[in-house]
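One structure is given below, encoded as structure tokens.
The values are calculated or read from the model by the stated rules, or taken from the named source; none is laboratory data. These figures come from a predicted structure and were not determined experimentally. Note that each Cβ is placed from the backbone with ideal geometry, even for glycine, and that neighbours are counted across all protein chains shown.
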Amino acid sequence: MVTEAEIAPYFQQTEEQSGMSEIQPSPYIGMWVTADNHVRQELRPDGRYAEARGNRENAYTGRYEIEGNRIEYWDDSGFTADGEFIDGILHHGGMIMHRQENNQ
């Protein structure tokens, strides 16, 4: 069984007007793509990511953590990377990635 403490790093804490707090999904969860759609990175709610490159699905997979607007990646093959969300854009590994809307 997964506990709230185990999934907490993947969610952001917000407070309602009542003073009660609730856990909300991170606004960064979803699909991020480069302008040419060559690189597609899915940030999943379970703290895992899958990155496709061209026709190669799951070219990179691993886990991630988001703190504020910073993202840290730990790839399953052993390397690490990071990125930053600035004005709704993900800057990662020299790439500029935009959120892909569900209808695309």
- Which residue pairs have Cβ atoms closer than 8 Å, lie 6 or more positions apart in sequence or on different chains, and pair a first residue in region 85-104 that is farther than 13 Å from Gly30 by Cβ with a second residue that is aliphatic (A, V, I, L, M) and part of a loop (DSSP other than H, G, I, E, B)? Ile96/Ala35
- Message: Given the options Glu42, Glu72, Glu65, name the one that is in contact with a helix residue (DSSP H, G or I) (Cβ under 7 Å, 6 or more places away or on another chain), surrounded by 12 or more Cβ atoms within 10 Å (Cβ to Cβ), of a type in the set (D, E, K, R) and within 18 Å of Pro27 (Cβ to Cβ).
- Response: Glu65
- Message: Being part of a strand (DSSP E or B), out of contact with any Ser or Thr (no Cβ under 9 Å at 6 or more places or on another chain), more than 15 Å from Val39 (Cβ to Cβ) and of a type outside the set (A, V, I, L, M) is the filter here; which residues of region 65-86 pass it?
- Response: Glu65, Glu67, Arg70, Thr80, Asp82, Glu84, Phe85
- Options Met20, Met95; residue that is of a type outside the set (Gly, Ala, Ser) and modelled with pLDDT of 95 or more: Met95
- Item | Among residues of region 75-84, those that are over 16 Å from Gly30 (Cβ atoms), surrounded by 10 or more Cβ atoms within 10 Å (Cβ to Cβ) and touching a residue at least 12 places away in the same chain (Cβ under 8 Å), counted | 5
